[in-house]
Every structure is written in structure tokens, then in C-alpha cells.
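The structure under discussion appears below in the form of C-alpha cells.
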Amino acid sequence: VKAAAIRLALLLGLLALVTGARFAREAPGRGVAFSAGALLLCGLFAGKVASGVRLPRLTGYLLIGILIGPYGVGFLPAEGVAGLGLVKGLAVSLIAMAAGTELRWAVLQRVGTRVAVLSAGICLGVFVVCWGSLLLLRPLLPFMEGMTLTQSIAVGALLASVLVSFSPTVTIAILQETSAKGPFSEFLMAVVIVGDLWVMILFAAAAAFTKASLGGELDLASLAGGIGWELFGSLGVGAGLGILSLIYLRRIRSERALFLIGLCFLMAEGGVRLHLSPLLLALAAAALIANADQREAERLNVNIERVGLPIFALFFAAAGAGLHLHAVAEVGLVAVLLVGIRMLAIRVASRALSPREPDSLRRLLWMGLISQAGVTFGLASLVARNFPTFGASAEVLLVAVVTLHELVGPLLTRKALTEAGEVDPHAVAATGSH
Amino acid sequence: VQALLVFLLVMTLSMVASDKRVLEVGRRVQLAQLVSSGLLFLLIGVFLGPRLLGLFPMEAVRGTRPLQSIALAVVGLLVGLNLMPQLLRKLPPKLYLGVGAQALLTFGVVALPLAVILTIAASGDWGKGIGAAVMLGACASLSSPHVSVLWYRAGRIGRMKQLSISLVAMLDDWVGLGVLAVALIFGAGVGLRLGAGLAAMAIVFGIACGALIAYLLAATREAAEVGAMVMGSVALVAGVSSYLHVSTLVSAVACGATVAIIGGRMSEDLFRWLLRFERPIFQGLMFMVGVQVDVRNPWVWVLLTAFVAVRLFGKHQGGRVAKVLTRGVLVLPPRLGYALVAQGGLSLCIAAEYLLLVDHPMTQIVFDVVALAAVVNEALAARLFNRAVNLPASTQVISQVSA
């Protein structure tokens, strides 16, 4: 830990020097490559330090990102951090592919129905509680001032649908970091992924009703079409990409790591442009490969692990650097209240609805469902973009809530996996010793 | 999206162009030679770029600047890491004298006449005019050893001769890089003092990054972590220099050289890791260079003809001097200058760097000339190499070896 901390301190010293020199220049560059290099190297060493003090490496990545980012000490320019969007998309696809290779048909048959019912129940429960709470907290929410009751109900539903969302990226990253295996891990990952599908439906419906309440038209056909395209279109296109990938992996074979990165880029960028979910695209593609060819799936996993470390470190450190701490300060009280209410709702819902076997699900599942990250940020920015009258202020509140969840979530997920006894002690020891 | 396009395109082209069947089919158009030198990607870039087909618009070119910096950093680090102080110390002074004379003579033959013309063309802005001429001189002085390596692999020249030619071609890179620093001093800043300050800043930050990277790598054992660290190091070196708007190439060379001097075995690890990515990164860089070339300016073609002719003359004369000065030290062919005609990728990196840093209409012309000259010189290199070593003219060797 000491050696990693010294190296991290030296890196921070260099960044301070560069920041000092930057002010001597009239027109410094955008700093995209600088932000990437600084976040990656600092992230790697911060991860080691975090691991040494028994925290998830991911927390180390996030914290160092916050520290050196534009909202921390300001070593990195905001423009540079914003320019790392491509890496974020790549990481989400890569993480989803890692999860997809675990989605075997046998697993889906065994837990599929139970997971679908459980995640729907939890989402609905948390949605209703958050919706009600937002309506009760109306006097504390300035952007709801002057809204009619119908409008408040619609806007409350919209924000509640965002608050329900989980973080597949954080969950899968923690599962990978701890090499956790077992029924609890399997169930947790499935609930988080399927839960986000329910959230997509909830959000799309709530957004349509909010638009209608603010004077727009409620077009149910286009609403259903949009949801259908995003869900089933993603699965279909993802499966198609899976077939093409399988042909490449079996026939051409060369440059597998490069191919994987290219495929993830394609899914991340192409998915957004075609209004498809990059997460679902990658999941479907990887699941198809895993079910069609076990050996290729294993090779794919090896390549994901090979390219995964720098991409995950950079992704989460960049996520930390993008966290708006000032948002927490602005709407701190309401944000903390909402975090508490959401946590309680998840706990009650998952305890009530989880199956009896294994026993760990009832006790610990809620801890794995607290994280929020990229998906929620994405939904919050959609709210800001589509609803200019109240969206910007609502986004500040949502971002503050996600920021708090992003800091607490990984710790709770790891605690849940450890208490469930599914963490590989060798993997944890290895990450600590590096 | 731009980065994605470049990545996918270069990846696909690289895989297709490396296929033996494709190389066999493309033997007539010297496809293998273009692939092995990376210039195929430059030509594709020229055709797809905003000045010809326009499939890759100007906005997209600007969007790939961070990637370009990273590619330049990789090239610079490799050049710096190639610095082997123990080996260099063992080389006789006569060798340095010969190599230096060859490179500086070519530099002078090209830069002096062009300085006058370019200063007039730059409306009397002598700083920019001299900077541009110095740049052309620097790029002219560089040469690539790859033809000698291919000829050796085909069994057409002996080991000693190949090593001697390669040594001359490799050592002149240092002259070129030194001259780049001088050109940037003249061209990048508002005044000479600021230009010198920026060059010094690039070197100081390069050394600081190098020392830190060597220290960071020393504590890293696991392969995945070393890989991640190497990626981070490359991005850091590229990022610091492009963020401060100083030369990435100079900074990265200083960084690589520092790691080579103080890093011990770490420098070998770093070198090996970088070599894994070198090929796709270099091909990507060549593509990005290509899309920025403006072939529509008639002055470029005039200057290109003059540049190629004067450089050939300079290399020929420089080669004669080097042969005399290194007698008894190196086994050089009768017409050494003709063996040094291939311009190599470093000259394109220098030109790309100059385009990034010096904002002046003259810069674009210099860049265009150097990029197109690299293709012309590559086409001449194989034929002239045969003349240099007194072999019958044949271009089959490169196709055979590359395939």
C-alpha cells in the first residue's frame, strides 16, 4: 500500500506541475489524451491503495477521479474529461459482453422467470415509494413550484422511474474484481440487468405521460414502438452481431483483442445512433456466442480480461472525475432523503419478494441493488434535454443522488458478496498484493 | 465517431492488406512495398480525405487529433527507447562524423536554397520561412533502413553491409529530430526566446514523465498491469505535450531516452509492449497523415519536384562523404546515397507534428511536400538500392520478402 501511495503521490506531483505550466500557455489543448493518461495511471495506483485498505478497487478509481477531476482540485480540464465519452461507451459494451458470456440457456431456464418476477416486483415497489416521496417532498423541490397536481404527478413519476434504475456496470465490475461465483452472484447480476429493462419501459411511459401533461400529445403507438425497438431491436441486432462475431472468431481468428475492441466501439456508437441500447446489444451478442460455442466464449472472456483492466480503471476514474460534487452541495438535504428512502424501499421490497433459497438473497440482495451510475446519468440527461422547463434543475437533483449512490454502492455490493461467501479469497488477496 | 471510423477502417485494411493472397494479387502495383512501409494507408487517407473524395471531412480530421498525438508519442517513445547508451558509447567517433556529415550535408543542400524561396513565399516572415525550410531539410536528412533489411532477408546483400547501411540510416534520425527542435524554435513561438522555451519545456516534461514511468513500471509485475501501465504512460506523454501545446515527438523521445538510460530491464519491457501496438498505430497515423494532405495546390507539386531532386543530390553527395569518413569502420556500398533514398515514417511524423504546432499557411505546404515525397522516394528506393549495391534492377525482392 505504501509503495502504491508513494507512486500515486508522485503522479499527483507531476499533474500539479503540468497544471502550473498550463497557466503559462495562452491556448492550451483540450486535454483529452492528458485526462486519459492521468486518470488511467492514477486510477491504477488508487485502485491498489483502495484494495490494500480493503475497499473495492472501483472505489479507488472513483475517488481519485473525483480528486483530480475538474470538480475536485482541477488538475484535469472539464473539456478533456468530457472528451472521454468514447471510452465510456467502450467500457459499458465490454462490461456487458463479460456479463453476456455468463448468460447460458441453462441459467436462463433455471432462474429466468423468478428473476423477471422479482426484478419487476422490486422495480414497481421502489417506483411507487419514490413517486409518493417525491410528491410529499414537493415543497422542497423548487422546480415543481407552479405545477398543477397532474403535472406534479407526471413529473414525480418520471423522476421516480430514474431513481429506480440500477447499475449493471458497477455490479459486473465488482463481480469481476472479486471473481465471485455462486447462486447469489448469478441472481444479483440477472436482477440488475433485467431490472434495468423494466426501468427502460417505466421511463419511456413516464416521459410520454409527462409530455402529455405539459401540453404535448400522448402517442401510445409511437411510445410502444420506441420501447419495442429499443428492447427487441437491441436483442435482434445484438444477436446478429453475435453471429457475425462467431463467424469471425471461427474463420479469421487473428487479432481477437483488436476485433473485440472494434466490436465494442461499434455497439457503443452505432447503438446510440440507432436508438438501441448498447448494453443490450453487447449482452445479446455475447450470450449468443456463449450458447453457440463454449470454447469461443471462454476465449472471448480471456480477451475481455486482457483488455479489461485499463478500460475499467479509466472508465470508473473518468466517471469519478465527472461527478458533480457541487450538485450534492446544492440539493444535499433532498438528495440524502431520497437516497435513504430508495435504500429502504429496495431493502423492504427485496426482503419481501426474494425466494427463500438461497437464504443469502433475502438478507443481502438489497445491498447489491443500491449502485447507480452510467444508465442513471444517461436518463437524467435525457430528462434535462427533453423537458427544458424543469429538466435542468431536476437533473441536478438526480445527479446528486447518483453521486451518493456511486460512492456507497460498490462498498455495499462487495460487502454483500463477501457475506454471501461467494468472493474468491485468492482474487481479493491478489488485488491487494499488487 | 471519427476515432471509431479510423479504427475500424485501419483495422480492416490492415487485416486485408496483410493477407498473403492479397499481396500476391497486388504484386504488380507493388502493394507489398506500400504495405510494408505503411504508405498504402497514407494514399488511402489522401483519397478519402476532405480534399479529394471528402468521405472523411475536416471536422473528422480535427476529431482525431488526440489519436494522432498518441500515435506520435508511440513513435517517439520507440525512437527514444532505441537509444542504447552502452552500445552508442562503443561506436567509434569516425562513425558519428560520417553519419553527421551525410545528414547535415543533405540538410544543408535542401534547406539553404529552399529557405530563400520559402521566406519570399511567406511574405518576408523570415522566422516562418526559415522554419519551413529547416523542416524540409530535417525531413530530407532522414532515411529508412527497411529496404536494406528486406534485401538482406532476400539474400541479396551480406549481413555486414546491411548492418552498416542500417546504422547510417538509424543514426541520421537523431540529426532529424535535433533539427525538428530547431525548426519548432523558429516556427512554433511568437519569438525565438518563446520557441526555445517551448522546446525546453517539451524536453523537461519528457524527462520528468520518463523518470516517473520508469519508477512506476519498476513496481509492476503482472502482465495485464504492465500493459495497462504502458497504455497510461503513452497517453500521459502524448497528453501532457498536446495539452501544453509543445512537441509530442520531442517530449516522447526525451521520455523514451530517459527510460532507456535509467530504466534497465524496464525499458526492454516497455519496448516489447510498444512493439505489439506499433504496426496498427503506425498505419493509423499514416492514414491520419494522408487525410490531411492537400494535393490540389500546384505549388506543392512544384516544390515536391524540387525537394525530391535536391534531396537525391544531397543524399548522393552526403553518401560519398560518409563513405570516405567511415572507411575502415563500416562496410558500405559504392553508392551509399542511393541506398538511403527511402524516407521512412519518422519524416512523416515530424511533418505531422509541425502541422499540429505551427499555425501558418506555409506549414500545410511543407507537410504536403514531405508526405508526397515519402511516397515518391519509396517508389524510387527499391530501384536505386539495386544501383547502390550494384545489383540488376528488380523490384521483386520486396514482394517476395513481405509475402
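Please treat every number below as a calculation from the coordinates, not as lab data. In this text the structure is predicted, and so the values were computed from the model without any measurement. As a convention, Cβ positions derive from the backbone with ideal geometry for all residues, glycine included, and neighbour counts pool all protein chains shown.
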Subject >> Inter-label distance for A:F232 and A:S393, nm, one decimal - labels placed 7 Å from Cα along Cα-to-Cβ >> reply: 4.1
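Exactly which GluC sites (Glu not before Pro) in segment B:188-293 are in a DSSP loop and have at most 15 other Cβ atoms within 10 Å? Intermediate values should be presented prior to the final figure.
Numbers: sites: B:E222, B:E225, B:E268, B:E278; in loops: B:E222.
Sparse-neighbourhood loop GluC sites (Glu not before Pro): B:E222.
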Original post:
When Rg is the radius of gyration of the Cα atoms in the protein assembly as shown and Rh is its Kirkwood radius, what does Rg/Rh come to?
Top reply: 1.02
**OP:** Select from B:M362, B:M231, B:M84 the residue whose mean-square fluctuation is largest in a Gaussian network model of chain B (Cα-Cα springs shorter than 10 Å).
**Re:** B:M84
Subject >> Estimated distance in nm for a label pair at B:L380 and A:V73, the labels positioned 7 Å out from Cα along Cα-to-Cβ >> reply: 5.4
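Given a cut-off of under 8 Å on Cα pairs at least six residues apart, what relative contact order in percent is computed for chain A?
On the way: 646 pairs, mean separation 115.1, N = 434.
Relative contact order here is 27 percent.
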Original post:
Can you give the helix-only mean residue ellipticity at 222 nm for chain B, where every DSSP H stretch with n ≥ 4 adds -39500 (n - 2.57) and the sum goes over all residues, rounded to the nearest 500 deg cm²/dmol?
Top reply: -26500 deg cm²/dmol
Original post:
Which of the peptides B:234-240, B:374-380 is most tightly packed, and how do the rest follow, judged by the mean count of other Cβ atoms within 10 Å per residue?
Top reply: B:234-240, B:374-380
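Using a 10 Å cut-off around each Cβ of peptide A:233-245, what is the average number of partner chain Cβ atoms that fall inside?
On the way: counts 0, 0, 0, 0, 0, 0, 0, 0, 0, 0, 0, 0, 0.
Across A:233-245, the average partner-chain Cβ count within 10 Å equals 0.
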Subject >> Alpha carbon convex hull of segment A:1-128, projected area averaged over orientations, nm² >> reply: 11.4
Original post:
Build a GNM of chain B with springs between Cα atoms under 10 Å: which of B:Q68, B:Q317, B:Q343 gets the top mean-square fluctuation?
Top reply: B:Q317
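Can you give the longest stretch of chain B with no exposed loop site, where a site means trypsin sites (Lys or Arg not before Pro) in a DSSP loop (not H, G, I, E or B) with at most 15 other C-beta atoms within 10 Å?
On the way: sites that count: B:R28, B:R221, B:R296, B:R327.
After excluding every exposed loop site, the longest remaining stretch is B:29-220.
Over the whole of A:308-318, what's the average partner chain Cβ count within 10 Å per residue? Rounded to a whole number, please. Please list the in-between numbers first.
Working: counts 2, 7, 9, 2, 1, 4, 4, 0, 0, 0, 0.
Taking all residues of A:308-318 together, the mean is 3.
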Original post:
How far is it, in nm, from the label point at A:V1 to the one at A:R295 when both lie 7 Å from their Cα along the line to the Cβ?
Top reply: 4.6
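For an R0 of 30 angstrom, estimate the FRET efficiency from the Cβ-Cβ distance between A:R362 and A:A106 and round to the nearest 0.05.
Values: r = 24 Å, r/R0 = 0.81.
Rounded to the nearest 0.05, the efficiency is 0.80.
Treating the beta-carbon of each Lys and Arg as +1 and of each Asp and Glu as -1, no other charges, what is the dipole magnitude of the protein assembly as shown about its Cα centre, to the nearest 20 debye? Before the final figure, lay out the partial values.
Working: 62 positive and 40 negative charges, 525 e Å.
For the protein assembly as shown, the charge dipole is close to 2520 debye.
Taking the Cβ-Cβ separation of B:L87 and B:R279 as r and a Förster radius of 30 Å, what is the calculated FRET efficiency to the nearest 0.05?
Values: r = 25 Å, r/R0 = 0.83.
Once rounded, the FRET efficiency stands at 0.75.
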**OP:** Could you please state, rounded to a whole Å, how far the C-alpha centre of segment B:94-110 is from the C-alpha centre of segment A:59-85?
**Re:** 48
Original post:
In whole Hz, what ³J(HN,Hα) sequence does segment B:364-371 give by Karplus (6.51, -1.76, 1.60; θ = phi - 60°), x for Gly and Pro?
Top reply: 4, 5, 4, 4, 4, 5, 5, 5
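Please work out whether segment B:241-324 counts as rounded, prolate or oblate from its C-alpha gyration tensor, where a ≥ b ≥ c are the square roots of the eigenvalues and a/c under 1.5 means rounded, while otherwise a/b larger than b/c means prolate and anything else oblate?
Working: a/c = 2.37, a/b = 1.43, b/c = 1.65.
Here segment B:241-324 falls in the oblate category.
Pull out the extension gain between A:R250 and A:E305, defined as 0.36 nm times the separation in residues minus the alpha carbon to alpha carbon distance; nm, one decimal. Present the calculation step by step, with values, prior to reporting the outcome.
On the way: separation 55, 0.36 × 55 = 19.80 nm, distance 1.99 nm.
Answer, rounded to one decimal: 17.8 nm.
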Subject >> Three-way shape label, segment B:44-124, alpha-carbon gyration tensor, a/c 1.5 >> reply: oblate
Original post:
What FRET efficiency comes out for the pair B:V329/B:T305, r = Cβ-Cβ distance, R0 = 45 Å, nearest 0.05?
Top reply: 0.80
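Report the full-extension gain for the segment A:H275 to A:A352: residue separation times 0.36 nm, less the Cα-Cα distance, to one decimal in nm. Please list the in-between numbers first.
On the way: separation 77, 0.36 × 77 = 27.72 nm, distance 3.55 nm.
Computed gain between A:H275 and A:A352 is 24.2 nm.
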Subject >> Euclidean distance between Cα centres, segment A:341-401 to segment A:149-228, Å >> reply: 9
Subject >> 222 nm mean residue ellipticity, helices alone, for chain A (DSSP H n ≥ 4; -39,500 (n - 2.57); rounded to 500) >> reply: -26000 deg cm²/dmol
Subject >> Phi to ³J(HN,Hα) by Karplus 6.51 cos²θ - 1.76 cosθ + 1.60 over segment B:122-128, Hz, x for Gly, Pro >> reply: 8, 6, x, 6, 5, x, 5
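Mind listing which trypsin sites (Lys or Arg not before Pro) in segment A:1-109 are in a DSSP loop and have 13 or fewer other Cβ atoms within 10 Å? Provide the component values of the computation, followed by the final result.
Numbers: sites: A:K2, A:R7, A:R22, A:R25, A:R30, A:K48, A:R54, A:R57, A:K88, A:R104; in loops: A:R25, A:R30, A:R54, A:R104.
Hits after loop and neighbour filter: A:R54.
About its Cα centre, what dipole magnitude does segment B:86-172 give when the only charges are +1 on Lys and Arg Cβ and -1 on Asp and Glu Cβ, stated in debye to the nearest 20? Present the calculation step by step, with values, prior to reporting the outcome.
Values: 8 positive and 2 negative charges, 122 e Å.
Result for segment B:86-172 is approximately 580 debye, rounded to the nearest 20.
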Original post:
Once fully extended, how much extra length lies between A:L149 and A:L214, figured as 0.36 nm per residue of separation less the alpha-carbon to alpha-carbon distance?
Top reply: 22.2 nm
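Please report, in debye to the nearest 20, how large the charge dipole of chain A is about its Cα centre when each Lys and Arg carries +1 at its beta carbon and each Asp and Glu carries -1 there. All intermediate terms of the calculation are to be shown ahead of the outcome.
Numbers: 32 positive and 24 negative charges, 167 e Å.
Charge dipole, chain A, about its Cα centre: 800 debye, nearest 20.
Counting partner chain Cβ atoms within 10 Å of every residue's Cβ in A:398-410, what's the average?
Working: counts 0, 0, 0, 0, 0, 0, 0, 0, 0, 0, 0, 0, 0.
Other-chain Cβ atoms within 10 Å of each residue's Cβ, averaged: 0.
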